[in-house]
Amino acid sequence: MDLKCVNFRKEDGVAWIQFNRPDKLNALNPDVLKDLETAIVCCEEDDAVRVVVIMGHEKAFVVGGDIHDMSKGDINFAYDLSDLVLRVQERLSDLPKPTIAAISGYALGGGLELALCCDLRISAENAVFGLPEITLGIIPGGGGTQRLPRLVGICPATELIFLGEMIKAERAKEIGLVNKVVPFGSLKDEVQAYASKLMERPALALRAAKIAMRRGLGIPLKEGLQIEQNLFCMLFGTEDQKEGMSAFLEKRKAVYTGK
């Protein structure tokens, strides 16, 4: 792949996607988003990839959108940009494999919105979170007003969106925005530990659980329960279900094949 704005590597079943625009604190523009989309598609199509990690650098996960470009835009520009953002986010959110955001430094605006699309968020102690769009005369345009309230609840989400102020990692943990906070030097090892645990789980069951939760968020409970039931029953037709239950009864560790 010819990627200029992200680094991409695969290692032992884990795909590492790292934003690579450090001079701009990984600010998002169409080039970054298109490279990210290319990497996500590669992860989706490669059966050897079991877990996907998205990360930045020590100073910034993603500082947000590139304000230099946005300041010159009109309504048509905004629609084109937001269409691209939402398309890439949907690919990330719907990726049928577990995703982890490894967050250090600034995760603001569109950066935080990308992290919200991931299944798990592991934060370094130096991370700073926020949706500062209101201070620029706009609102979040990449899912911030929709995904954040669903994750942390309406009260903390309203405070972050209305005031546009930033919060540190420990506060983000308190409101349920991140799963865990660790020293920056331990971030990669902690993410790898999470990835290793996920790779020990049956891939088809993980995919089913992700589908059930993601689809269930936007529909009535009764419909969500029906989705869960269908996926639950479907898994009884897999080799992994037979292996998992046999291993439990035989008091041994299960070995899953993704079938």
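The values are calculated or read from the model by the stated rules, or taken from the named source; none is laboratory data. Quick caveat, the model's predicted, so the values are computed rather than measured. Ideal geometry is used to build each Cβ from the backbone, glycine not excepted, and the neighbour counts take in all protein chains shown.
General remarks:
- Applying a threshold of 8 Å to beta carbon distances and a minimum spacing of six or more residues, or different chains, the list of pairs starting in segment 173-184 at a residue that is not assigned by TED's automatic domain parsing to the domain that holds Ala127 and ending at one that is surrounded by fewer than 17 Cβ atoms within 10 Å (Cβ to Cβ) is empty.
- Of all residues in segment 200-257, those satisfying the criterion of being of a type in the set (Val, Ile, Thr) and closer than 23 Å to Val49 by Cα are Ile211, Thr238, Val255, Thr257.
- Qualifying residue in segment 107-129 (condition: at pLDDT 95 or above and of a type in the set (S, T, N, Q)): yes
- A single entry from Pro30, Pro22, Pro98 fulfils the requirement of being within 28 Å of Arg215 (Cβ to Cβ), touching a residue at least 12 places away in the same chain (Cβ under 8 Å) and either out of contact with any strand residue (DSSP E or B) (no Cβ under 9 Å at 6 or more places or on another chain) or not aromatic (Phe, Trp, Tyr) (or both): Pro98.
- Complete set of residues in segment 40-64 that are among the basic types (Lys, Arg) and surrounded by fewer than 16 Cβ atoms within 10 Å (Cβ to Cβ): Lys59
- Qualifying residues in segment 19-39 (those that are acidic (Asp, Glu) and surrounded by fewer than 20 Cβ atoms within 10 Å (Cβ to Cβ)) - the one nearest to Leu114 (Cα to Cα): Glu37
- Complete set of residues in segment 241-259 that are over 26 Å from the mean Cα position of the chain (by Cα) and of a type outside the set (Gly, Ala, Ser): Gln241, Lys242, Glu243, Met245, Phe248, Leu249, Glu250, Lys251, Arg252, Lys253, Val255
- Selected residue (only one of Ile227, Ile161 is within 25 Å of Leu112 (Cα to Cα) and free of Cβ contacts under 8 Å to residues at least 60 places away in the same chain): Ile161
- Any hit, segment 150-163, residues being in the same structural domain as His57 (by TED's automatic domain parsing), buried (at least 20 other Cβ atoms within 10 Å of the Cβ) and either touching a strand residue (DSSP E or B) at 6+ places or on another chain (Cβ under 8 Å) or modelled with pLDDT under 95 (or both): yes
- All positions within segment 1-26 that are hydrophobic (A, V, I, L, M, F, W, C) and at pLDDT below 95: Met1, Leu3
- Among the residues of segment 202-217, those identified as within 18 Å of the chain's Cα centre (by Cα) and either hydrophobic (A, V, I, L, M, F, W, C) or outside any helix (DSSP H, G or I) (or both) are Ala203, Leu206, Ala208, Ala209, Ile211, Ala212, Met213, Leu217.
- Odd one out for Ile219 among (1) of a type outside the set (Ser, Thr, Tyr); (2) modelled with pLDDT under 95; (3) in contact with a Gly (Cβ under 8 Å, 6 or more places away or on another chain): (3)
- Exactly one residue out of Met199, Met234 is in contact (Cβ under 8 Å) with a residue 12 or more places away in the chain, part of a helix (DSSP H, G or I) and either at positive phi or surrounded by fewer than 15 Cβ atoms within 10 Å (Cβ to Cβ) (or both): that is Met234.
- If you filter segment 54-88 down to residues that are within 26 Å of Asp189 (Cα to Cα) and not hydrophobic (A, V, I, L, M, F, W, C), you find that the one that is modelled with the lowest pLDDT is Gly64.
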